[in-house]
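This report refers to the structure that appears directly beneath it.
The values are calculated or read from the model by the stated rules, or taken from the named source; none is laboratory data. None of the values given here were measured: they were computed from a predicted structure. All Cβ positions, glycine included, derive from the backbone under ideal geometry; neighbour counts span all protein chains shown. We work out accessible area using only protein heavy atoms, side chains counted, and drop any ligands, DNA or RNA first. Shrake-Rupley method; radii C 1.70, N 1.55, O 1.52, S 1.80 Å.
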Amino acid sequence: MTIQETSLLRTSAFLDGSWIPADSGRTFAVTNPFNRELIVHVANLGAPETERAVAAAYKAFPIWSGKTAGERSQILRRWYELVMDYKEDLAILMTLEQGKPISESRAEVNYGASFVEWFAEEGKRAYGDVIPSHRRDARILAVKQPVGVVAAITPWNFPIAMITRKVAPALAVGCTVVVKPAEDTPLCALALAYLAERAGFPPGVFNVIPSDDPAEVGKVLTTDPRVRKVSFTGSTPTGKLLMKQAAGTLKKLSLELGGNAPFIVFNDADIQSAVKGAIASKYRNGGQTCVCTNRFFVQDGIYDQFTAAFAEAISALKVGNGMDASVDIGPLINDSAIEKVNRLVNDALDRGARVMVGAELSNTGPRCYSPTLLLDVDPEMDIAQEEIFGPVSSVFRFTSEAEVIAKANDTPYGLAAYFYGNDHARIWRVAEALDYGMVGINTGMISTAVAPFGGVKESGFGREGSKYGLEDYLTVKYLCWGGIEGE
Ligand code: SIN
């Protein structure tokens, strides 16, 4: 599999409508996580270029926000169509730099493009209100306005969708954007910029700053007063740091941070569908998503049947090079990801967990980890408290509804939770009691452009996707219009 449209493979940064090298001439290597082979070297930007990108976005803001929503929508729509035209090339690029199986890359291109398509329409509906006035001689209006220059700091696990989920609503309402893509996966971001350029966004509206120094670029983006909003997806410690830095200029923030998702299987669950949901929620992207299940809780009466069926499904998963269409699980993103999974599994085994499947490196590649199922895991083990971000399932046994709710909520995180069962009264009770921003009920797949994605507690705040995702890029301005006297 090779890329047909070679101009999608960019090695320069996209700043103010031009493709530029780093001022210093420096580059950094982008490698294939499966075999660690070099793909290309990419321009390695720093603070001075980031400041220029912010200046360009600031200059472009009145031009872009001055267009009608319909005019912006047409350009977004063209961008969406171009992304879909080059779907296969983008999927190949994604598997090359990120490692996920090619079928998942194709699905991510669709998922990423769906945000552009959806917000191209929804941007036309940033309605305000006319509020019944408290005075006969005055009228009250609330209008929605774009927040201004937006900085989007995005992760490596979804190199297209996590950009479009932020950038599409921002652009749709008239904001201009500076994107700092993850250093592991800048190529998809640059390909998106190339297609945005072809779609006709004016210079400065959409800028991409590749850099292997996220701290330097992030510092500028969170402290420059011209940036009015920062949207970040990534780890909770980094989110806290960015929030501290952004406090100096009181920027609007959206933070989509780490999770520790519970997946609860009640006695009355349909076992086959629970296993299907468990595989989807745990093993998507090799376990490297913020909404991947981190802890399985299975009720006594169904424990043996569920774990046996789950073990069988896990054993059938094929690990290897994502370019091989028969592979279900690609490599982990880098060496430290492999080290972390090894550490968590070894800690669990040392403290009494039992292996049902896997628990070892796979011989298919240096960063491939065998899909794993651990039983008898204890809530005190590191694997129950830290985000695993790898293809490892750990299972806990429970007896009562109250007990499992308490255990599921016993974490500082609150992004996604899942449960399977068929008692309707309990479905309402459990859905309401789970202290999470998103709950999958009898499903392991919850992500879509039309629903609000986001967390509570230390998983962050703000919502992405849906009409709520538009609000994050708008401010409400109140107009009090006096002097409206009778004749
Ligand atoms: C994430 O891992 O942050 C995003 C996952 C998704 O959109 O489904």
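Quick check on this structure: which one of S18, S73 is modelled with pLDDT of 95 or more and touching a Gly at 6+ places or on another chain (Cβ under 8 Å)?
Checking each option against the conditions leaves just S73.
What is the number of the single condition among (1) under 18 Å from the mean Cα position of the chain (by Cα); (2) open to solvent by 30 Å² or more (accessible area, probe 1.4 Å) that G112 does not meet?
(2)
For I163, are the conditions met, namely being closer than 25 Å to A55 by Cα, open to solvent by 10 Å² or more (accessible area, probe 1.4 Å) and within 16 Å of the ligand (Cβ to nearest atom)?
Working: closer than 25 Å to A55 by Cα: yes; open to solvent by 10 Å² or more (accessible area, probe 1.4 Å): no; within 16 Å of the ligand (Cβ to nearest atom): yes.
Taking the combined requirement at face value, the residue does not satisfy it.
Of the residues E401, E471, which single one is in the same structural domain as E360 (by TED's automatic domain parsing), away from the ligand (no atom under 16 Å from the Cβ), of a type outside the set (S, T, N, Q) and modelled with pLDDT of 95 or more?
Values: E471 fails: in the same structural domain as E360 (by TED's automatic domain parsing).
Checking each option against the conditions leaves just E401.
Exactly one condition in (1) within 16 Å of the ligand (Cβ to nearest atom); (2) closer than 23 Å to I279 by Cα; (3) surrounded by 24 or more Cβ atoms within 10 Å (Cβ to Cβ) is not met by A451; state its number.
Just one mismatch for A451, condition (3).
Any residue at all in region 24-46 that's of a type in the set (V, I, T), farther than 19 Å from T185 by Cβ and open to solvent by 30 Å² or more (accessible area, probe 1.4 Å)?
Initial filter on region 24-46 (of a type in the set (V, I, T)): 27, 30-31, 39-40, 42.
Checking the rest, the ones that are also farther than 19 Å from T185 by Cβ come to none.
No, there is no match, as no residue in region 24-46 is of a type in the set (V, I, T), farther than 19 Å from T185 by Cβ and open to solvent by 30 Å² or more (accessible area, probe 1.4 Å).
How about region 232-270: which of its residues are touching a helix residue (DSSP H, G or I) at 6+ places or on another chain (Cβ under 7 Å), in the same structural domain as A151 (by TED's automatic domain parsing) and open to solvent by 60 Å² or more (accessible area, probe 1.4 Å)?
Matches in region 232-270: G248 only.
Filter region 176-208 down to the residues that are open to solvent by 10 Å² or more (accessible area, probe 1.4 Å) and out of contact with any Pro (no Cβ under 8 Å at 6 or more places or on another chain) and list them by number.
Correct list: Y194, E197, R198, G200, F201, P202, P203.
Restricting the first residue to region 331-343 and requiring it to be closer than 14 Å to E386 by Cα, which pairs with a second residue that is outside any helix (DSSP H, G or I) meet a Cβ separation below 6 Å and a spacing of at least six or different chains?
Going by the 6 Å Cβ cut-off, the qualifying pairs are V341/Y369; V341/G390.
Give the residues of region 370-384 that are part of a loop (DSSP other than H, G, I, E, B) and crowded, with 19+ Cβ neighbours inside 10 Å, sorted by residue number. So that I can check it myself, show each step before the final result.
First, the residues of region 370-384 that are part of a loop (DSSP other than H, G, I, E, B): 370-371, 376-381.
Those that are part of a loop (DSSP other than H, G, I, E, B) and crowded, with 19+ Cβ neighbours inside 10 Å: S370, P371, V377, M381.
Which residue pairs have Cβ atoms closer than 8 Å, lie 6 or more positions apart in sequence or on different chains, and pair a first residue in region 404-433 that is in contact (Cβ under 8 Å) with a residue 24 or more places away in the chain and farther than 20 Å from G455 by Cα with a second residue that is among the aliphatic types (A, V, I, L, M) and assigned to a helix (DSSP H, G or I)?
Within 8 Å, the pairs are Y420/A274; G421/I427; G421/V430.
Quick one: is V173 buried (at least 22 other Cβ atoms within 10 Å of the Cβ), without any contact (Cβ under 8 Å) to a residue 60 or more places away in the chain and touching a Phe, Trp or Tyr at 6+ places or on another chain (Cβ under 8 Å)?
Numbers: buried (at least 22 other Cβ atoms within 10 Å of the Cβ): yes; without any contact (Cβ under 8 Å) to a residue 60 or more places away in the chain: no; touching a Phe, Trp or Tyr at 6+ places or on another chain (Cβ under 8 Å): yes.
No.
Take region 410-435 and flag every residue that is within 16 Å of the ligand (Cβ to nearest atom) and open to solvent by less than 20 Å² (accessible area, probe 1.4 Å). Let's see the steps before the verdict.
Let us first name the residues in region 410-435 that are within 16 Å of the ligand (Cβ to nearest atom), namely 413-418.
Passing the criteria: G414, L415, A416, A417, Y418.
Could you count how many residues in region 4-53 are under 28 Å from S336 (Cβ atoms), among the β-branched types (V, I, T) and outside any strand (DSSP E or B)?
2
Restricting region 310-334 to residues that are among the small types (G, A, S) and crowded, with 17+ Cβ neighbours inside 10 Å, which is farthest from the chain's Cα centre (by Cα)? Walk me through how you get there before you give the answer.
Residues of region 310-334 that are among the small types (G, A, S), as a first pass: 311, 313, 315-316, 320, 322, 325-326, 330.
Going one step further and asking which of them are crowded, with 17+ Cβ neighbours inside 10 Å, we end up with 311, 313, 320, 322, 330.
Details: A311: 28, A313: 26, G320: 24, G322: 20, G330: 18 Å.
For region 310-334, the residue satisfying everything is A311.
Just one of the numbered conditions (1) within 19 Å of G174 (Cα to Cα); (2) open to solvent by 30 Å² or more (accessible area, probe 1.4 Å); (3) within 16 Å of the ligand (Cβ to nearest atom) is not true of A107; which one?
Answer for A107: the failing condition is (1).
With the requirement that a residue be part of a loop (DSSP other than H, G, I, E, B) and either in contact with a His (Cβ under 9 Å, 6 or more places away or on another chain) or open to solvent by 60 Å² or more (accessible area, probe 1.4 Å) (or both), what does region 219-231 give you?
Selection gives P225, R226.
Take region 284-312 and flag every residue that is within 13 Å of the ligand (Cβ to nearest atom) and closer than 22 Å to S362 by Cβ. Full working, then the answer.
Of the residues in region 284-312, the ones within 13 Å of the ligand (Cβ to nearest atom) are 284-294.
Selection gives R284, N285, G286, G287, Q288, T289, C292, T293, N294.
One residue is enough: does region 75-91 have a residue meeting the conditions among the basic types (K, R), open to solvent by 10 Å² or more (accessible area, probe 1.4 Å) and in contact with a Phe, Trp or Tyr (Cβ under 6 Å, 6 or more places away or on another chain)?
We begin by selecting, within region 75-91, every residue among the basic types (K, R); these are 77-78, 87.
Now drop any that are not open to solvent by 10 Å² or more (accessible area, probe 1.4 Å), which leaves 77-78, 87.
Retained after the next criterion (residues that are in contact with a Phe, Trp or Tyr (Cβ under 6 Å, 6 or more places away or on another chain)): none.
No, that holds for no residue.
Name every residue in region 404-432 that is of a type in the set (A, V, I, L, M, F, W, C) and over 22 Å from D270 (Cα atoms), in order of residue number.
Let us first name the residues in region 404-432 that are of a type in the set (A, V, I, L, M, F, W, C), namely 404-406, 408, 415-417, 419, 425, 427-428, 430-431.
Answer for region 404-432, where residues must be of a type in the set (A, V, I, L, M, F, W, C) and over 22 Å from D270 (Cα atoms): A406, L415.
Can you pull out every residue in region 457-487 that is open to solvent by 20 Å² or more (accessible area, probe 1.4 Å) and within 15 Å of the chain's Cα centre (by Cα)?
Of region 457-487, the ones open to solvent by 20 Å² or more (accessible area, probe 1.4 Å) are 457-458, 461-463, 467-468, 471-472, 475-487.
Residues satisfying the conditions are F461, G462, R463.
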